[in-house]
Amino acid sequence: QAQLVESGGGLVQAGGSLKLTCKTSRMITSTFVSSVMGWYRQAPEKERELVATYSSDGRTNYADSVKGRFTLSRDSSRKILYLQMNNLQPDATAVYYCNRDGPHGSWGQGTQVTVSS
C-alpha cells in the first residue's frame, strides 16, 4: 500500500508563504501520475475539506478559497507532490493532509499549518 509523508508545515504570519511536500513510497511512477492525488485540510472543529487535487488525467482542481494563491505541482520522477501556498491568511490554519484516491483512499499523517494575524 502506498505511503504518504507530508512535511513543510509551520507557523507563518498573515501574508506569508509555505510550501508543503508529500513524499510517496511503494508506488510506481505510472501509478503516481495516473492517481487522483492532492491535498485536503482540516481546521479545528471543522470538516476535512479539499484544497487542491490532480485528476487522473493530470488536470488540477482547486477550492475556490485558494484559487490564485495556492499552486499544486509534482515531481513525477521522484513521486513527490507539492503545495505552494502564498498570501496565507489566518483562515488557512489547519492540518494539511496528502491524499491519494479521495476520501476513501490513502492519507498521510498530516502537517500543521498555523497562520498568525
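When you look at Glu6, is it under 28 Å from Ser117 (Cα atoms), acidic (Asp, Glu) and part of a strand (DSSP E or B), yes or no? It is true that Glu6 is under 28 Å from Ser117 (Cα atoms), acidic (Asp, Glu) and part of a strand (DSSP E or B). Being open to solvent by 70 Å² or more (accessible area, probe 1.4 Å) and over 17 Å from Pro103 (Cβ atoms) is the filter here; which residues of the stretch 61-70 pass it? Correct list: Asp64, Lys67, Gly68.
Would you pick out the residues in the stretch 1-16 that are out of contact with any helix residue (DSSP H, G or I) (no Cβ under 7 Å at 6 or more places or on another chain) and open to solvent by less than 60 Å² (accessible area, probe 1.4 Å)? Scanning the stretch 1-16 gives Ala2, Leu4, Glu6, Ser7, Gly8, Gly9, Gly10, Val12, Gly15, Gly16. Within the stretch 95-113, count every residue that is open to solvent by less than 30 Å² (accessible area, probe 1.4 Å), of a type outside the set (Val, Ile, Thr) and at pLDDT 95 or above. Total meeting the criteria: 5. Quick check: anything in the stretch 41-60 open to solvent by 60 Å² or more (accessible area, probe 1.4 Å), hydrophobic (A, V, I, L, M, F, W, C), at pLDDT 95 or above and out of contact with any His (no Cβ under 8 Å at 6 or more places or on another chain)? Within the stretch 41-60 (the criterion being open to solvent by 60 Å² or more (accessible area, probe 1.4 Å), hydrophobic (A, V, I, L, M, F, W, C), at pLDDT 95 or above and out of contact with any His (no Cβ under 8 Å at 6 or more places or on another chain)), the answer is no, since none of the residues qualifies. Checked against (1) closer than 20 Å to Ser117 by Cα; (2) among the hydroxyl-bearing types (Ser, Thr, Tyr); (3) open to solvent by 50 Å² or more (accessible area, probe 1.4 Å), Thr29 passes all but a single condition, namely (1). In the stretch 17-26, which residue that is open to solvent by 20 Å² or more (accessible area, probe 1.4 Å) and of a type outside the set (Ser, Thr, Tyr) is nearest to Leu83 (Cα to Cα)? Here the residue is Lys19.
The values are calculated or read from the model by the stated rules, or taken from the named source; none is laboratory data. Since we're looking at a predicted model, the values are computed, not measured. Neighbour counts run over all protein chains shown; Cβ positions are idealised from the backbone, glycine included. Keep in mind that these areas ignore ligands, DNA and RNA; they rest on the heavy atoms of the full protein, side chains included. Shrake-Rupley method; radii C 1.70, N 1.55, O 1.52, S 1.80 Å.
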